[in-house]
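Read through the structure below, which is laid out as structure tokens, and then see the notes.
Every number in this text was worked out from the coordinates using simple rules, so none of it is lab data. Every value quoted in this text rests on a predicted model; they were computed, and no experiment measured them. Please note: Cβ atoms are built from the backbone with ideal geometry, for glycine as well, and neighbour counts cover all protein chains shown.
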Amino acid sequence: MAEMAVQRASGRGIWGWMLFDWAAQPFFTVVTTFIFGPYFVSRMASNPET
């Protein structure tokens, strides 16, 4: 089996990825909770008595 050279990521690259993930995660949480949740309930449970 051939050995592959492992290249360490730069500090700027790691910080860039951390900031991107920190900024993107709340967006998906908000969409899932406050936009998809009410839409799903309105379509799947439009009549709350049944």
_Sites matching trypsin sites (Lys or Arg not before Pro) across the chain that sit in DSSP coil, with at most 12 neighbouring C-beta atoms within 10 Å_ = 8
*Summing -39500 (n - 2.57) over the DSSP H runs of n ≥ 4 in the chain and dividing by its residue number, what mean residue ellipticity at 222 nm do you reach, to the nearest 500 deg cm²/dmol?*
-18000 deg cm²/dmol
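Return one quarter of the surface area of the convex hull spanned by the alpha-carbon atoms of the chain, equal to its mean projected area, in nm².
With the hull built on Cα positions only, its mean projection is 7.3 nm².
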